[in-house]
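Note sheet for the following structure.
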Amino acid sequence: MNTILASSLPTKKFIDPDSISIPFHDIAHQNVTALLKNDSAWILKNSVGPIGWRARKHFFKVSQKTHTCQKHSQLSKLESQASTSSYKEGSNSDTEYLCSWIEFGQDKYVNDKELNTILKSLASIKHPFLYPIEYIQANENGCMVIVKYHKKGSLKDLLCGCDNPLNTFSSKYGTTKGRMVNGLPLKDLAMYSRQILEAIRFLHSKGLPYGHLTTANIFIDKGIAKLSAIENFLLGVPSFYRPFFVQNNKIQTMEQVDLFTFGHVVFEMQSTYSLQEPFIRSEITDCPVALKSFLEMMISKESLKSNFVTMEQILKHQFFTEFAQSYTKFHAEVEDIIKKASAADIHGKDLIATVVQKTEQRLKDEQKLVKSQKRVVRVQNEMMTSGEEEKKKQIKQKLKSQSSLQNGPINFKLSLSESSQEQAENSSPKDTR
């Protein structure tokens, strides 16, 4: 399956024109306008366009009002001075902001009041490997999120050589023009992989799965990989790789979902393109043995048939030992920030645990349905094959019988003529001389 083509909005409009014809953008604009009216800090500017793959997610440019911007800058300065780490995010009054609106999905199990409380506690956590949320607010229809606009785009934009992150999804990722030739340098690949994995581990330590790992949700900021869209799990929207992991009933927990998609992200960083199927079918070449083993451990056909790999097994793999040696030094620099983030609590842990259970149960139910459908298709194919063989046999017999009917009279005539000739020869007088 071509994931880029299948996920593009033009393809969705062609396959399902009725549902995609709904004016999602107008609905998004109305909701964002209504939510920003309740907050005096932000000004809604222009629409950005369909830069993502979701039909029900839309983007807008927003700006901070002057007095709010000055206050935000002062707070950021105080936070930077208070930090003993050399790692600093900083702030700039010229910073651009991107606002996204997304409708709730099928796995949204939290009521609106509780959801806003959880989202705000989530946004308050500052972690070096999480892309910061500037503002977040949900209503009965969906959720609005404001983040700093990253002009260099996502990790996927970097791999695809995209000049403008605000171009449409299909135009950015549906072409090989400008794409990196050999993938990321090994040390960068290993460093980003470790940072991504640590971010996932941190979220799980808080009881919150990530569930939406793709290179499009990762930003590289000053050499640091940061996960964005950490709110998506609570909003109940489907993952980009859901069509892949619903096919494998070995992937049944949210941690396994995150590790499976992590394998796909590592593969894309190495090759610059995403896999078109759930697992690696052919042998990986042109990469070190440690990286090959690392990928095969997570997304080879054989590994996906056996017991799924754990977080600890991945962290202890030789690939990190060999190529991410500098992570220890970097971790020491951001250790204070990580400790502070680890000490912070996310509101509603018990409620989130219930959401995790319901989400995992729906995944298992869908996997059973997919398995059942595959079985039906296999039986139908076998019946069609046996039916075609029977039909071919019948046609062959029919042709044979027709051939025998056609040849029968000719042979009979030949037999009559031969018999008459013999009789004539026998009745003719013999030469006795």
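Answer yes or no: is there a residue in the stretch 51-65 that is part of a helix (DSSP H, G or I), crowded, with 17+ Cβ neighbours inside 10 Å, at pLDDT 65 or above and hydrophobic (A, V, I, L, M, F, W, C). So far as the stretch 51-65 goes, no, none of its residues is part of a helix (DSSP H, G or I), crowded, with 17+ Cβ neighbours inside 10 Å, at pLDDT 65 or above and hydrophobic (A, V, I, L, M, F, W, C). Taking the stretch 193-242 as the range and being assigned to a loop (DSSP other than H, G, I, E, B) and of a type in the set (S, T, N, Q) as the test, the residues that pass are Thr214, Ser228, Ser239. Given the criteria assigned to a loop (DSSP other than H, G, I, E, B) and surrounded by 19 or more Cβ atoms within 10 Å (Cβ to Cβ), does Cys143 qualify? No, not satisfied. Just to verify a result, which residue in the stretch 227-238, among those that are closer than 21 Å to Gln195 by Cα and out of contact with any helix residue (DSSP H, G or I) (no Cβ under 7 Å at 6 or more places or on another chain), is surrounded by the most Cβ atoms within 10 Å (Cβ to Cβ)? Filtering first and then ranking leaves Phe233. May I ask you to list the residues in the stretch 160-174 that are out of contact with any Lys or Arg (no Cβ under 6 Å at 6 or more places or on another chain), of a type outside the set (Phe, Trp, Tyr) and in contact (Cβ under 8 Å) with a residue 12 or more places away in the chain? If the condition is that a residue be out of contact with any Lys or Arg (no Cβ under 6 Å at 6 or more places or on another chain), of a type outside the set (Phe, Trp, Tyr) and in contact (Cβ under 8 Å) with a residue 12 or more places away in the chain, then Asp163, Pro165, Leu166, Asn167, Thr168, Ser170, Lys172, Gly174 are the ones that fit. Among the residues of the stretch 266-284, at least one is acidic (Asp, Glu) and at pLDDT 95 or above. A Cβ distance below 7 Å, combined with a sequence gap of six or more or placement on separate chains, defines the contacts here; from the stretch 219-248, residues that are touching a residue at least 12 places away in the same chain (Cβ under 8 Å) and under 21 Å from Ile125 (Cβ atoms) reach residues that are of a type in the set (Val, Ile, Thr) and assigned to a loop (DSSP other than H, G, I, E, B) in the pairs Leu234/Val110.
Residue count for the stretch 109-137 satisfying the condition of being part of a loop (DSSP other than H, G, I, E, B), of a type outside the set (A, V, I, L, M) and within 17 Å of Ser205 (Cα to Cα): 5.
Filtering the stretch 66-104 to residues that are touching a helix residue (DSSP H, G or I) at 6+ places or on another chain (Cβ under 6 Å), modelled with pLDDT of 50 or more and among the small types (Gly, Ala, Ser) leaves only Ser93. Residues in the stretch 315-331 that are charged (D, E, K, R) and exposed (fewer than 12 other Cβ atoms within 10 Å of the Cβ): Lys316, Lys329. For the stretch 177-191, the candidate set comprises residues that are farther than 30 Å from Thr328 by Cβ and in contact (Cβ under 8 Å) with a residue 40 or more places away in the chain; within that set, the residue that is surrounded by the most Cβ atoms within 10 Å (Cβ to Cβ) is Arg179. Filtering Arg194, Arg201 for residues that are farther than 20 Å from Trp53 by Cβ, buried (at least 20 other Cβ atoms within 10 Å of the Cβ), basic (Lys, Arg) and in contact (Cβ under 8 Å) with a residue 12 or more places away in the chain leaves a single hit, Arg194. Of the residues making up the stretch 332-357, those that are under 22 Å from Leu130 (Cα atoms), surrounded by fewer than 18 Cβ atoms within 10 Å (Cβ to Cβ), in contact (Cβ under 8 Å) with a residue 60 or more places away in the chain and not aliphatic (A, V, I, L, M) are Glu333, Glu335, Asp336, Lys340, Ser342, Asp345, His347, Lys349. Within the stretch 278-310, restricting attention to residues that are more than 20 Å from the chain's Cα centre (by Cα), free of Cβ contacts under 8 Å to residues at least 24 places away in the same chain and part of a helix (DSSP H, G or I), the residue that is farthest from Lys187 (Cα to Cα) is Glu302.
The values are calculated or read from the model by the stated rules, or taken from the named source; none is laboratory data. What you are looking at is a predicted structure, and each value in this text was computed from that prediction instead of being measured. FYI the Cβ positions are ideal-geometry reconstructions off the backbone, even for glycines, and counts take in every protein chain you see.
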